[in-house]
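*Asks:* Shown below is the structure under consideration.
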Amino acid sequence: MGTDLLLHPRFGIGDFMALGTSFFFAGYYLATERGRKLLDPLSYTWLTTLFAATTLFIVNLSLGNQFTDYSQQTWFVFVSAAVVSQIIGYTSLAYALGHLPASIVSPTMFGKPVLTTILAIPLLGEIPHVLQAVGGLFSIAGIYLVNKAHTKAAQKPDQQLSSSSEPKYSKDILKK
């Protein structure tokens, strides 16, 4: 929605599609968090990619979309997107969701557009507008706050144990 909402204050089909996508992506995060308890990142990514590719093949076949006669440049874009976004991106995401809760990984993904914008400066010569830069700073600040809160919450049980009057036992003490 972003600045487009300020220029054209109406909710269009693209906005509905983005809203729907957010629900599916949230479901993916939660399903991956659970699925990673059973499978390693590569196996999980392979299975989800197989399911997604099969579904997209059937949908495109039923819509009559073409599968051939693309230029070499177009195939290069397809393969690059598959390697960078799908293989590297989703495998990394599956790895992260095997070690961190979805409530941490999801907000951290707000860094993707910020990183993309930063990379677009030297690679494409695109300079972000002031509002985009401010939004990026807010995103980075939000990521920092979420991760800081998670770190504090993870440390609290340790602090409660150290302040209790019960004796602490370690492997070294038990060995003696």
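*Asks:* Which residue pairs have Cβ atoms closer than 8 Å, lie 6 or more positions apart in sequence or on different chains, and pair a first residue in the range 102-128 that is farther than 23 Å from Y144 by Cα and at pLDDT below 90 with a second residue that is part of a helix (DSSP H, G or I) and not charged (D, E, K, R)?
*Replies:* Here the result reads none, with nothing in the range 102-128 linked to a residue that is part of a helix (DSSP H, G or I) and not charged (D, E, K, R).
*Asks:* Filter the range 103-121 down to the residues that are under 15 Å from R34 (Cβ atoms) and either within 9 Å of the chain's Cα centre (by Cα) or not in a helix (DSSP H, G or I) (or both) and list them by number.
*Replies:* Kept after step one, since they are under 15 Å from R34 (Cβ atoms), are these residues of the range 103-121: 103, 105-106.
Hits for the range 103-121 are V105, S106.
*Asks:* Output the residues belonging to the range 60-77 that are over 29 Å from the mean Cα position of the chain (by Cα) and part of a loop (DSSP other than H, G, I, E, B).
*Replies:* G64, Q66, T68, D69, Y70, S71
*Asks:* Still on this model: Return the residues of the range 38-51 that are surrounded by 10 or more Cβ atoms within 10 Å (Cβ to Cβ) and more than 18 Å from M109 (Cβ to Cβ); say none if nothing qualifies.
*Replies:* Applying the first criterion (surrounded by 10 or more Cβ atoms within 10 Å (Cβ to Cβ)) to the range 38-51 yields 39-51.
Matches in the range 38-51: L39, D40, L42, S43, W46, L47, T49, L50, F51.
*Asks:* Hey, could you check the range 1-35 for residues that are closer than 19 Å to G135 by Cα and surrounded by 12 or more Cβ atoms within 10 Å (Cβ to Cβ) and say which is modelled with the highest pLDDT?
*Replies:* Step by step, filter the range 1-35, then rank; the result is D15.
The values are calculated or read from the model by the stated rules, or taken from the named source; none is laboratory data. Predicted model only: the values in this text are computed from it and were never measured. Methodologically, a virtual Cβ is constructed for each residue, glycine included, from the backbone with ideal geometry; neighbour enumeration extends over all protein chains shown.
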